[in-house]
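If you scroll down you'll find the structure; I have some questions about it.
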Amino acid sequence: MKRQLLVGVAFAIATVNLLPLWLVVKQAVTPEGESFAWPPTWVPHEFTLANFGAAADAVPLGQGLALSLSVALATVVSALAIALPAAWLAARREKAGTRLDGVMVVARLFPTIAIAVPLAVIFVRFGLYNDPNGVGLWFAHTLLGLPFAFLILRAAFRGVPTELEDAALLDGASAWSSFLRVSLPLVRPSLGAAAMLVFLVSWDEFAYALLLQVTNRTLPPLLYYLSAFGYPGLSSAVAVLMLLPAVVILLLLEPALRSGVLAGSGR
Amino acid sequence: MRAWLLAVPLLVYLAVFLVYPMGEAVRLAFTDSVSGSFPSLASFRILADDRLFRDALVVNLLLPMVAVALEVVAGLGLALLLAERLPARRLLRAAVLLPFALPEIVFLTILRNVLTPRGYLNGAFAMVGVAPVDLLSPGTASSFVSVAFVDAWRTTPVVFLILLGALAALPAEIGQAARVDGASSWRRFWHVTLPLLRPALVAAILLRGLDALRLFAAPLVLTGVEGVPVLSTYAYHQWSDYGDDGAAAAASVVLALLCLLASAPLLRRRVTA
């Protein structure tokens, strides 16, 4: 009896949690008029893909998609490249590891807006504000992605026994080639996880994107404007586009998610 | 080769894109936006005279408390519930994590559609004969609670994950011993489980509290810059609507100081750990 109640509660909570996703997909594939209907509909009465085209007519959707993608991919490369050597150092030298840990905690402490406002002013000065290729935004997103890349890679390098690297050195390999041929291949799965997570951090990012770009926008601010100007169907269509990579990556990342790597990444 | 050189790219990057902008924020905050003189308290005087800023400061202190309280209660409840052996456990967990897995902006825009006067919540109310309410009406208690609730809903999974991990790490024998001693399930929870979860609860509260201080997208998307003002949206408002770099930077500096203060226990715990 009590057990049945628990099961009922659990499934009710799960249903409510699925509702936002269901509604966004429903709004994306119903005619804009139906999204304004009263009382609101819970299942689509009419199916259409017109919202996707209409959204592309209302805002530069293709350009936004390309910019979101290129900034996210560039961020993956830069964040991993910068974090990788530091993560290896932190895993091998305890003192350096503790210090870098502290630096990373402090780096994550500052509010986005407190960095975004002065960064916008600086970028105006250097001609990177609203850059058509999103170079300024790329710099900001790299800053956001670094702690994630660092934490995942440091944990991965800790899992590589020092003896393996030492053995390679004894066999006459240089420090560099022992790293390239022994350590790096062993952390490849974590490298993949870090890449996907950093991609998502950039892909989902809203505040920097809003402040550092005005006309050359990525998807999150485009979605925000469509929603703020009162286009539920069109904004939902953009939302569905945004969801696709996010959902795929999160399914792949589920194990890392459960280990708590994402804790505290609210903003 | 000196090993510490490996950390140089990271440290240089942080110096250029974190330390330099923060320094620039302080410089801007103490520069008079009109005359350009430095140092000047003109921007802080603008803030002190602005009702919206004072509201933002108060809301920025209250909102995290309400949101984190909601999250901890919900996260603890969910962790206890899903620690049980229920059917389709993996599926239930995935559903609970979903709000945090969705991109923040996607979750917020759909929640706006849920909470507006002609939204889904009022639609559900109408089905049971309750008159529609304007939950997001600017400057009301209901819009404040709505923003806190939406943020709590989205970030409860973080608290849930921390507590679920802590629950799984508890030795099963302790609960069994209490059961053998005849303790009721409520007493077992209150006197055994909860004290053991304390470190995880404190960690979750500190972490989430620090995050909630920087709330930006939720109040902005749900209510605009003036509905439920916080320091982040205020700074954004000053910068984008008035083009006042000085006032925006000054509000940012106030927020950054708040975050520093709030993080003191977090940093101290790290040092002792």
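How long is the gain from B:LEU41 to B:ALA3 if the chain were fully straight, where each residue apart is worth 0.36 nm and the alpha carbon distance is subtracted?
Working: separation 38, 0.36 × 38 = 13.68 nm, distance 4.52 nm.
Going from the current span to full extension adds 9.2 nm.
Would you be so kind as to identify which of A:VAL187, A:THR162, A:VAL201 lies farthest towards the positive end of the dipole of the stretch A:162-213, taking Lys and Arg as +1 and Asp and Glu as -1 on Cβ and the Cα centre as origin?
In the stretch A:162-213, that residue is A:VAL201.
Helix B:89-101: angle to the longest alpha-carbon principal axis of chain B, degrees 0 to 90, nearest 10?
10
How much of the accessible area of the protein assembly as shown, probe 1.4 Å, is carbon plus sulfur, in whole percent?
The computed percentage sits at 69.
Here's another thing I want to ask about it. Could you state the orientation-averaged shadow area of the convex hull built on the Cα atoms of chain A, in nm² to one decimal?
19.7
With label points built 7 Å along Cα→Cβ from the Cα atoms of B:TYR242 and B:PHE125, find their separation and express it in nm.
3.4
Work out the P(r) tail for the stretch A:1-113: percent of alpha carbon pairs separated by more than 17 Å, whole number.
More than 17 Å apart: 77 percent of the Cα pairs in the stretch A:1-113.
I need the per residue convex hull volume for chain B, using only the alpha carbons, in cubic angstrom as a whole number.
Given the Cα convex hull of chain B, per-residue volume reads 204 Å³.
I'd like the per residue volume of the convex hull spanned by the Cα atoms of the stretch B:93-158, given in cubic angstrom.
93
At 222 nm, what value in deg cm²/dmol follows for chain B if DSSP H runs of at least 4 each add -39500 (n - 2.57) and the sum is divided by all its residues, to the nearest 500?
-24000 deg cm²/dmol
Among B:227-240, B:7-20, what's the highest-first ranking by average C-beta atoms within 10 angstrom per residue?
Values: B:227-240: 25.6, B:7-20: 16.1.
Per-residue Cβ counts within 10 Å, averaged per peptide and sorted highest first, yield B:227-240, B:7-20.
Give me the accessible area per residue for the protein assembly as shown, probe 1.4 Å, as a whole number in Å².
For the protein assembly as shown, the solvent-accessible area averages 44 Å² per residue.
Let me ask something else. Go through A:LEU223, B:LEU258, B:LEU231 and say which Cα lies farthest out towards the positive end of the charge dipole of the protein assembly as shown; charges sit on Cβ, +1 for Lys and Arg, -1 for Asp and Glu.
Going by the Cα projections, it comes out as B:LEU258.
So, one more: If one takes the longest principal axis of the Cα atoms in chain A, at what angle in degrees, from 0 to 90 and to the nearest 10, does the Cα axis of helix A:188-204 lie?
40
Based on alpha-carbon positions alone, could you give the equivalent ellipsoid semi-axes of the stretch A:147-217 from the gyration tensor, as √(5λ), descending, whole Å?
For the stretch A:147-217, the ellipsoid semi-axes come out as 37, 12, 8 Å.
Which peptide among A:52-61, A:83-92, B:203-212 comes first, and what is the full order, when sorted by highest mean count of other Cβ atoms within 10 Å? Working shown, then result.
Numbers: A:52-61: 17.7, A:83-92: 23.9, B:203-212: 21.8.
The most tightly packed comes first, giving A:83-92, B:203-212, A:52-61.
Can I ask one more? Could you state how much accessible area is buried at the B-A interface, both sides summed, with a 1.4 Å probe, in Å² to the nearest 100?
For B against A, buried area totals roughly 7500 Å².
Mind pulling up the Rg/Rh value for the protein assembly as shown? Radius of gyration and Kirkwood radius, both on Cα. Let's see the in-between values first.
Values: Rg = 24.3 Å, Rh = 24.8 Å.
Rounded to two decimals, Rg/Rh equals 0.98.
Could I have the simple spin-label model distance between A:THR162 and A:TRP176, label points 7 Å from Cα toward Cβ, reported in nm to one decimal?
2.4
Given a Förster distance of 35 Å, report the FRET efficiency between A:VAL135 and A:ALA228 from their Cβ-Cβ distance, rounded to the nearest 0.05.
It comes out at approximately 0.85.
What are the principal axis extents of the Cα atoms in the stretch B:73-118, in Å, biggest first?
39, 20, 16
For chain A, take the longest principal axis of its alpha carbons; what is the angle in degrees between that and the long axis of helix A:2-28, to the nearest 10 within 0 to 90?
Roughly 80 degrees, rounded to the nearest 10.
Something else now. Residues of the stretch A:212-233 losing 50 Å² or more of accessible area relative to the isolated chain, 1.4 Å probe, heavy atoms only?
A:TYR224, A:SER227
The values are calculated or read from the model by the stated rules, or taken from the named source; none is laboratory data. Here the structure is a predicted model, which is why all the values come from computation and not from measurement. FYI the Cβ positions are ideal-geometry reconstructions off the backbone, even for glycines, and counts take in every protein chain you see. Accessible surface areas use protein heavy atoms only, side chains included; no ligands, DNA or RNA. Shrake-Rupley method; radii C 1.70, N 1.55, O 1.52, S 1.80 Å.
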